[in-house]
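Coordinate-derived values only; no laboratory data. Owing to the predicted nature of the structure, the values given are computational and were not obtained by experimental measurement. Cβ placement follows ideal geometry from the backbone for every residue including glycine, while neighbour counts extend to all protein chains displayed.
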Amino acid sequence: HLTNLWIRTMMTLVVRLTRLRHMSASACWHTARRRFSTASSTRKERRGSSFASASAKPLLGQVVTSQANFVRVLVEPSSVQEYVASREWTADDASLDRSNDDGSVEDAQRSAALSAVTEGRVELLCVVRALLKKLERKVLVGDFVSVSDVDWVQRSANVTEVHARTSAIREPPLANCNHVLLMFSVVQPTIEEAQLVRFLVTAEASGLPVTLALNKADLADADELNAWKERVAGWGYGAFGLSLATGEGVDSLAERLRGRYSLVAGPSGVGKSSLINALKCAQPSDTSSSATSSSSSSSSFSLAIPK
Ligand SMILES: Nc1nc2c(ncn2[C@@H]2O[C@H](COP(=O)(O)OP(=O)(O)O)[C@@H](O)[C@H]2O)c(=O)[nH]1
Ligand SMILES: [Mg+2]
């Protein structure tokens, strides 16, 4: 009987894990959304109609940076739109408790919220709710979260819930990442084979797909770059040769990164920050308003440098 129970438990676990693995980032959004709309409607029912008028649709976002008690949350543009549309902007609204008699604070909030909608890409500086901390629900970079009590003028809010993760890496702490980009430069600094192998082994241990990029092609001897490309091809990697100084090869690497949440890793000075900056600049501002999941996620990077 015990053996049966054990097998059944293991099977359930395997099925759950498999489902989790196959859940894409966008599916994760939908799950989060569904769970949220049910949660908020039951809350409304419990608290009665007076609360319902003040409570808006939950605002969903993804944590892009984390420092001490603060996290920066990139809010999904369509979520901002829904949130603003569902809001009634009444004086007894919980997030407008500083409103004064003439309603100027409310007006300021309303117009700041509307301009956030037109901006598309909105980042809010958020505090993690004490309750979450007590429950030890750690908020990681990459986490999908719900935020409330938004102050649109200050661009601040509270994180109230952390949603289910599709993956989590412990070192560096990162949630929902689905791709690792290893970056090296052929020269300045030159590639050290042992270091390259160490990075590759660590990256492969995450179980995520790994892409290798060799930067500073403009400084390197073409033969040297090709020799490294051939070498890593022998290990099973089709390396991207690129130069952030000239822009050579950047487009094809950007194509590889599109629609993924990538962890960028590599030794100091190889051009990781330059790549992240280049890709952000390359993103035309008008694509964010037509916000597809791929255009918004291609700009969400996390920088991580393993020891
Ligand atoms: N010549 C050249 N310099 C580059 C290239 N990419 C980055 N750099 C420079 O290399 C230095 C280190 O780049 P950085 O992005 O800070 O590297 P990180 O430490 O990996 O983040 C900076 O001075 C960059 O301007 C490149 O493709 N060619
Ligand atoms: Mg850097």
Förster-model FRET efficiency, 45 Å R0, Val127 and Arg258, C-beta, rounded to 0.05: 0.90
Amide H contacts of Leu244 (H built 1.01 Å from N, under 5 Å, at least 5 apart or other chain): Lys216, Ala217
³J(HN,Hα), Karplus 6.51/-1.76/1.60, whole Hz, each residue of segment 175-181, x for Gly, Pro: 10, 6, 7, 10, 6, 10, 9
For segment 163-200 versus segment 213-284, the gap between their alpha-carbon centres in whole angstrom: 13 Å
Approximate spin-label separation Val197-Ala108, in nm, with each point projected 7 Å along Cα-to-Cβ: 6.2 nm
Under-5 Å amide H pairs with Val141, H placed in peptide plane, nonlocal only: Ala175
Additional length obtainable on full extension of the chain from Gln154 to Glu119, 0.36 nm per residue less Cα span: 11.1 nm
Farthest toward positive dipole pole in segment 126-219 [+1 Lys/Arg, -1 Asp/Glu at C-beta], among Thr190, Val145, Leu131: Leu131
Per-residue HN-Hα couplings for segment 134-146 [Karplus 6.51, -1.76, 1.60; θ = phi - 60°; Hz; x = Gly/Pro]: 4, 7, 6, 7, 5, 9, 9, 4, x, 5, 8, 9, 9
Note, ³J(HN,Hα) from phi for segment 78-83, Karplus 6.51, -1.76, 1.60, rounded to Hz, x at Gly and Pro: 5, 5, 4, 4, 4, 4
In segment 164-211, the trypsin sites (Lys or Arg not before Pro) that fall in loop regions by DSSP, at most 15 other Cβ within 10 Å: Arg170
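For a quick check of your reading of the filter: which chymotrypsin sites (Phe, Trp or Tyr not before Pro) in segment 181-238 sit in a DSSP loop and have no more than 13 other Cβ atoms within 10 Å? All intermediate terms of the calculation are to be shown ahead of the outcome.
Working: sites: Phe184, Phe199, Trp228, Trp235, Tyr237; in loops: Trp235, Tyr237.
In loop regions of segment 181-238 (DSSP not H, G, I, E or B), the sparsely surrounded chymotrypsin sites (Phe, Trp or Tyr not before Pro) are Trp235.
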Where a label projected 7 Å from the Cα of Glu204 along Cα→Cβ would reach, residues of segment 235-273 with amide N under 18 Å: 235-240, 265-266
